[in-house]
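Working notes for the structure below.
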Amino acid sequence: MPVVVQARGRRRAGGRVLWACAETFVTCGVLVLLLVVHQLWWTNQQARAEAREQVSTLEREWGEWGISPSGGGEVGGGDVGSGDVGGGDAGSGVTVEGGEPAVVPGASASSARPSSSSTPPAPDSRAFAILRIPRLGLTVPVARGVSKRSVLDKGYVGHYPGTAGPGLPGNFALAGHRNTHGEPFRYVNRLREGDRITVRTRERTFTYRVDQVLPQTAPRDVGVIQAVPRSLVKPSYGYSRPGSYLTLTTCTPEFSSAYRLVVWAKLVSW
């Protein structure tokens with residue numbers, strides 16, 4: 001009889017251990033799920049809301065100042081075309097992907113020709129321009145710097161220090177998240193040659209046309225944001241003559257920071 005009692009006791013103890021293990025696994029699973037929801041859904045909701053509010057604030061201020069949303073004057077001109085509006089909202093506002101800017105911030109300052117922006121200096125967290133990409137259905141504020149905390153994680157697009165201002169000679173270089181925190185550049189891989197991109201500032205609106213796409217390069221390929229952009233890793237991509245360029249950079253592949261995706265556009269009207 002005592003032997004039977006001991007066997008039952010061992011079985012009960014073993015059952016309690018298994019039950020505790022099961023509860024632990026379930027709890028861990030729930031925590032992981034909540035983390036994924038926070039990263040992939042909640043950060044997007046917060047960042048997009050803040051980005052939309054910033055765009056509305058800028059448009060309201062510029063409207064009060066009587067500033068027209070568009071300017072005149074052709075640069076190397078012709079009709080730019082409207083581009084297709086498709087794919088829905090790509091993230092009104094660039095992280096599982098490692099959280100690094102697309103290239104080393106400020107690394108090209110010594111090689112890029114610094115230019116004064118068409119707008120007065122502003123804090124990183126205060127947007128000074130609005131970027132629109134009709135093909136992606138994207139409208140997002142642009143702020144100075146590529147700091148995660150004060151710019152990118154708010155759903156904004158960041159302006160690389162040391163690069164040209166919008167509409168000016170040189171390279172107006174921007175970085176944005178590919179996934180989470182608004183993910184404004186989630187679908188930039190869909191851009192094609194000839195697609196229209198506009199940058200509206202307090203003074204006027206500048207129109208660029210997509211010219212080249214570099215599908216993949218190294219994170220430290222600082223050549224892509226130089227005044228005359230050219231990849232140092234893949235020299236066949238880029239330019240050899242001065243001009244007024246727009247550069248969009250983000251991480252690739254999705255949910256990874258292993259490489260960088262680069263889109264170049266040229267100024268065509270203002």
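Numbers below:
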| item | result |
| --- | --- |
| Lone unmet requirement of (1) over 17 Å from the mean Cα position of the chain (by Cα); (2) of a type outside the set (A, V, I, L, M, F, W, C); (3) at positive phi for D195 | (3) |
| Selection from the range 123-158 of residues that are over 12 Å from E50 (Cα atoms), hydrophobic (A, V, I, L, M, F, W, C) and outside any strand (DSSP E or B) | F128, L136, V146 |
| Enumeration of residues in the range 165-176 that are part of a loop (DSSP other than H, G, I, E, B) and under 16 Å from A127 (Cα atoms) | G165, P166, G176 |
| Residue count, the range 232-253 (criterion: in a loop (DSSP other than H, G, I, E, B) and more than 17 Å from G167 (Cβ to Cβ)) | 10 |
| Qualifying residue in the range 228-245 (condition: of a type in the set (A, V, I, L, M), under 18 Å from the mean Cα position of the chain (by Cα) and under 21 Å from P169 (Cβ atoms)) | no |
| Boolean, G182 is part of a helix (DSSP H, G or I) and either crowded, with 19+ Cβ neighbours inside 10 Å or not basic (K, R) (or both) | no |
| Residue in the range 230-246 that is within 27 Å of A127 (Cβ to Cβ), β-branched (V, I, T) and modelled with pLDDT of 95 or more present | no |
| Lone qualifier among V146, V210, V151, V222 - being more than 30 Å from Q46 (Cβ to Cβ) and surrounded by 17 or more Cβ atoms within 10 Å (Cβ to Cβ) | V222 |
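The values are calculated or read from the model by the stated rules, or taken from the named source; none is laboratory data. All figures in this text were calculated on a predicted structure; none of them were measured in a lab. No Cβ is skipped: glycine too gets one built from the backbone with ideal geometry, and neighbour counts run over all protein chains shown.
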